[in-house]
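Have a look at the structure below before the remarks.
The values are calculated or read from the model by the stated rules, or taken from the named source; none is laboratory data. Computed from a predicted structure; not experimentally measured. We place every Cβ from the backbone using ideal geometry, glycine too, and count neighbours over all the protein chains shown. Ligands, DNA and RNA are stripped out before the accessible areas are found, and what is left, the full protein with its side chains, is counted by its heavy atoms. Shrake-Rupley method; radii C 1.70, N 1.55, O 1.52, S 1.80 Å.
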Amino acid sequence: MSLPKDIARIQACISNSLDHDSIGNKQITGVIGDTPSTYSKSPALWNGAFRALRLGIAYLPFDVHESRLPTLARALRESDRVMGVSVTVPYKTKIMEHLDELDAKAKQIKAVNTIVRTGDGRLVGYNTDGKGLLESILRTQPGQARPFMETLSGIDVLLIGAGGAARSVAFYLAEALKKGGLIICNRTPRSAFSLAEQIKEAFGNARAIEEDEIGRWAPKAGLILNCSTKGQGGIRKTTDGKIMILEPYSALAPANPVALEESEPEFHRNWLRASLADIEANNRASWNLALSIPRETGFCDLIYHPEETVFLRHGRLSGHRSLNGKGMLIAQAADALFDKICREHLHKAGLDNPSTYQRVLETMYQSW
Ligand code: NAP
């Protein structure tokens, strides 16, 4: 069966095949990334919620090469059944120049994770990653008896990392801390100092520290938040095309793993032999620091693969509460569905109420 024209235009921009049968006459949302069709949890979460609410909407992965981003943006703009899309790595910044409008937070953060297509076909960018984190920390999540923290007001937060996710979290968090402050620590100090300057300008409450100062600042924080990739599962590529692993590392101490060529035979064994001394030094420093941090301090990681990172394990085994990034990913998706991409649709269907939001959240947890 030939594809309808608007779907064919989208299909021409992407490398994965769209399943026309599952689209039918439905309205469309989805996720733009390099290869979301191979790993993203978002289609399962969103489609689970659409089924539960009996909405005729399909959520599709769009694997797109960077060179096709402008044509894909045009195809999304031109199709009346497109409601909006999520954006994931590596396009959260690159997509911005192809949009018609950015909301204030996305402009501050300089990245977009959600795009709404308005009724007149304009694409408007938002960034709600940091909002998802706040929701997952402060609101009781399905399966929990109470929220991870009752309030963030007045506490100091140690934020590790200064990449895209850290930027979104920092701008939302700094606002919620009120009189508390944000202490930003990153492997590359320049990014931490630059982010702290921008936060200071907007909210007045951030400072940056060097990696070797973390032992002095971590015990003073009410919450320690890992927004770096230290502890992330899977094989990671370095900028020079080599590969390495960050999973055995804790975010509380430096990580300098050896990077090997992709063609390295027996990569895992050779990588571990070469990086073992560095992993041991990182873990020892992390255990000692975790023990020196007051028990009341919360340990929170944006990573959800693995479920418990080394940082979270060290936190839990030294008596701290710990939380991974699953709740953040779900809260961010629930908010993007309820408050952004499907907002108009839910309003017309009389479903724009708190019980619908709760239903979306619960079905997304069930669909994980
Ligand atoms: P990113 O922009 O690539 O930033 C990576 C960060 O990790 C940078 O601060 C980088 O420091 C740091 N880093 C990388 N390798 C390091 C090493 N060997 N030692 C110390 N620091 C290192 O990535 P991102 O988009 O911000 O994502 C960060 C993490 O958050 C990822 O694991 C991602 O999966 C997770 N995340 C989760 C959610 C959720 O909803 N739960 C949402 C977004 C992201 P440099 O500046 O020195 O390179």
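For this structure, a couple of remarks:
- DSSP bridge analysis restricted to the chain gives an antiparallel fraction near 25%, rounded to the nearest 5.
- Remark: relative contact order (the chain) = 14 percent; criterion is Cα-Cα distance under 8 angstrom and separation of 6 or more residues.
- Sequence-ordered 3J(HN,Hα) estimates for segment 314-319 from the Karplus curve with 6.51, -1.76 and 1.60 and θ = phi - 60° stand at 4, x, 4, 6, 9, x Hz, glycine and proline given as x.
- Cα pair distances exceeding 15 angstrom across segment 1-81, given as percent: 55
- Rolling a 1.4 Å probe across the protein heavy atoms gives segment 131-232 an accessible surface of 42 Å² per residue.
- For Arg187, neighbours were defined as the other residues whose beta-carbon sits under 14 Å from its Cβ, and their charges (Lys and Arg +1, Asp and Glu -1) total -2.
- Carbon/sulfur fraction of accessible area - segment 132-326, other protein chains in place, 1.4 Å, %: 49
- On a per residue basis, the convex hull of the C-alpha atoms belonging to segment 240-368 measures out at 160 Å³.
- Rotationally averaged projected area of segment 63-173 (alpha carbon convex hull; nm²): 8.9
- Between Asp21 and Ala145, the simple label model (points 7 Å from Cα in the Cβ direction) yields a spacing of 4.7 nm.
- Ellipticity estimate at 222 nm from DSSP helix runs (n ≥ 4, -39,500 (n - 2.57)) divided over the chain, nearest 500: -12000 deg cm²/dmol
- Each residue, Glu344 and Arg51, gets one label point 7 Å from its Cα in the Cβ direction; the gap between the two is 2.8 nm.
- Protection proxy ranking for 93-103, 305-315, using the average of other Cβ atoms within 10 Å per residue and placing the highest first: 305-315, 93-103.
- Alpha-carbon Rg/Rh ratio, for the chain, with Rh computed the Kirkwood way: 0.98
- Rounded to whole Hz, the Karplus (6.51, -1.76, 1.60) HN-Hα couplings of segment 32-44, x for glycine and proline: 9, x, 6, 9, x, 5, 8, 9, 5, 7, 4, x, 5
- Here the Kirkwood formula puts the hydrodynamic radius of segment 262-325 at 13.2 Å, using every distinct Cα pair.
- Percent breakdown of C-alpha pair distances by 10 Å bin, ordered from the shortest bin, for segment 132-326: 9, 36, 36, 15, 4, 0
- Dipole magnitude for the chain: about 600 debye, using +1 per Lys or Arg Cβ and -1 per Asp or Glu Cβ, origin at the Cα centre.
- Contour minus Cα-Cα distance for Arg236 and Arg316 (0.36 nm per residue): 26.2 nm
- Relative protection proxy for 157-170, 180-193, 199-212, from highest mean packing down: 157-170, 180-193, 199-212 (other beta-carbon atoms within 10 angstrom).
- Sorted peptide list for 12-23, 44-55, criterion being average Cβ within 10 angstrom, highest first: 44-55, 12-23
- Short-range pairs are left out: with C-alpha atoms under 8 Å and at least six residues apart, the relative contact order of segment 1-125 is 27 percent.
- Scattering curve values for segment 164-236, log₁₀ I(q)/I(0), Debye with Cα scatterers, q = 0.16, 0.20 Å⁻¹: -0.56, -0.86
- A dipole drawn for the chain from +1 and -1 charges on Cβ atoms has a positive end, and of Tyr91, Tyr59, Ser228 the residue lying farthest that way is Tyr59.
- Here the label points at Glu78 and Ala281, each 7 Å from Cα along the C-beta direction, are separated by 5.6 nm in the simple model.
- Crossing angle, helix 354-367 versus the chain [Cα axis fit, 0-90 degrees, rounded to tens]: 70
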